[in-house]
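Down below is the structure, laid out as structure tokens.
The values are calculated or read from the model by the stated rules, or taken from the named source; none is laboratory data. Because the structure is predicted, anything quoted here is derived from the model rather than measured. For neighbour counting, all protein chains shown are included, and Cβ atoms are generated from backbone atoms with ideal geometry for every residue, glycine included. Side chains included, ligands, DNA and RNA excluded: accessible areas come from the protein's heavy atoms. Shrake-Rupley method; radii C 1.70, N 1.55, O 1.52, S 1.80 Å.
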Amino acid sequence: WFFLISFFSLTPLVAQKKILKTIFVVADGIPADLIEKSAKPNLNKIITSGFYKRAYVGGIKNAYNQTPTVSAPGYNNLLTGTWANKHQVIDNNIKNPNYHYYSIFRFLKEQYPNKTTAVFSTWQDNRTKLVGDGLKETGCFKIDYAFDVYELDTIQFPHDKLTNYTHLIDQYVIAKADSTIRVVAPDLSWIYLQHTDDIGHRFGNSKQMEQAIGYLDNQMGTIWNAIQYREQTFKEDWLFIITTDHGRDAAAGKNHGGQSDAERTTWMIANNKNTNAYFQQNIPAIVDILPTMARFQKIKIPTRNEYELDGVPIIGPVSLSHPTIEKKEDSLIIHWNAYEQNTNVKILISYTNLFKEGKVDAYEKLGSIRVKEKRFAFKLPLNTSFAKIILVGKHNSINTQWANRVQVIK
């Protein structure tokens, strides 16, 4: 008996793995320069545990994936990890989203059906139209905890000319998020807050906007405290990402929708320091958030879907980014940024874009080359008018396309 007791007392217990949880927040319409100069004690606590960095929206300017700097397209850039040329949300009407480009919620639910999801939002369309809650086109998956439709509740939140009611709704949304996180801790949650955008449209760069950002800071403090409670009380590890969907015009800070630097410039805050060389050497994009959340939460993106993602994970190892195409006579030259020396990149090409119709594109392998070469040239077949190119590295893939005529979304 003494031997058995001694043996077991000296045998180390296997550490229990922490349960991974993610919350992402879209605080609508806050320019980077305003968030930077505002007093934000609670956001600074989160930044201390992770990072703050400027980011961008709007796709590549004047290219096939240019995306309007409007709210719903911005949300869907984040949700799908793609630009508007793919997800097809080009304005706030959200007429015909292309659900073949999955949201992060669908990726989670298809791999982990028992994991739970939540949406806390001023705006109902975020869940019903963008996420596609319960729709046949999205596989009929359901959001487990839904708190929204408040913009239509004029009894509890009577509308006023100064839009104070959206602040009251945001406060209510945060209260619901706080209690839900503390009690049931959904595995993946989206919090959307509207008041800052309303104030920006009415007052621009102003004391009112500073006050609205102060409200946001307090709200994020509430959520941060809830996360701290969960991590300290339970075996959980939380990723907390906060961003905005667009900037505003440089002149007054009231408008957005165009492709000026001020409208395209946004920001990211997160509580994770494990950033990679891609993040450290470049300005990240809103489409980088989906692959980042998927990597953190160990969601395996199916290959055919991964090939369509326009984002690059900002945590963990990364191989390459920023694909561009240069045409010279009858050849294409592909360029990219490299973050490794001794690994290869595989170059694939398809002359169709059937994925957008829910079909499968056939890819040919053009070749394989050291990723550090950062360049690959090949001759185009005769009468080719379109090509979709995938660069597959060890740790991530990136994509680009070429066409005789570039159609730009205005």
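Summary table below
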read-out: Test for Pro73: is it on the phi < 0 side of the Ramachandran plot, buried (at least 16 other Cβ atoms within 10 Å of the Cβ) and not in a helix (DSSP H, G or I); value: no
read-out: Matching residues, the stretch 220-249, being part of a loop (DSSP other than H, G, I, E, B) and open to solvent by 10 Å² or more (accessible area, probe 1.4 Å); value: Phe234, Lys235, Asp249
read-out: Per-region count, the stretch 250-274, residues over 23 Å from Asp217 (Cα atoms) and open to solvent by less than 30 Å² (accessible area, probe 1.4 Å); value: 2
read-out: Selection count, the stretch 361-398, where residues are open to solvent by less than 30 Å² (accessible area, probe 1.4 Å), touching an Asp or Glu at 6+ places or on another chain (Cβ under 7 Å) and outside any loop (DSSP other than H, G, I, E, B); value: 3
read-out: Every residue from the stretch 32-64 that is open to solvent by 10 Å² or more (accessible area, probe 1.4 Å), assigned to a loop (DSSP other than H, G, I, E, B) and not aliphatic (A, V, I, L, M); value: Ser38, Lys40, Gly50, Lys61, Asn62, Tyr64
read-out: Every pair of residues 6+ apart whose Cβ atoms lie under 7 Å, when the first sits in the stretch 332-357 and is of a type in the set (S, T, N, Q) while the second is in a helix (DSSP H, G or I); value: Gln341/Lys372; Thr343/Val371; Asn344/Val371
read-out: Residue check for Lys346: basic (Lys, Arg) and loosely packed, with under 15 Cβ neighbours inside 10 Å; value: no
read-out: Qualifying positions in the stretch 305-324 - more than 19 Å from the chain's Cα centre (by Cα) and either surrounded by fewer than 17 Cβ atoms within 10 Å (Cβ to Cβ) or within 13 Å of Ala377 (Cβ to Cβ) (or both); value: Thr324
read-out: Helices (runs of 4 or more DSSP H) wholly inside the stretch 90-206 containing at least 2 residues that are touching a residue at least 24 places away in the same chain (Cβ under 8 Å), open to solvent by 40 Å² or more (accessible area, probe 1.4 Å) and not acidic (Asp, Glu); value: 164-183, 195-203
read-out: Criterion (over 17 Å from Asn85 (Cα atoms), open to solvent by 70 Å² or more (accessible area, probe 1.4 Å) and modelled with pLDDT of 95 or more) met by exactly one of Lys356, Lys300, Lys327; value: Lys300
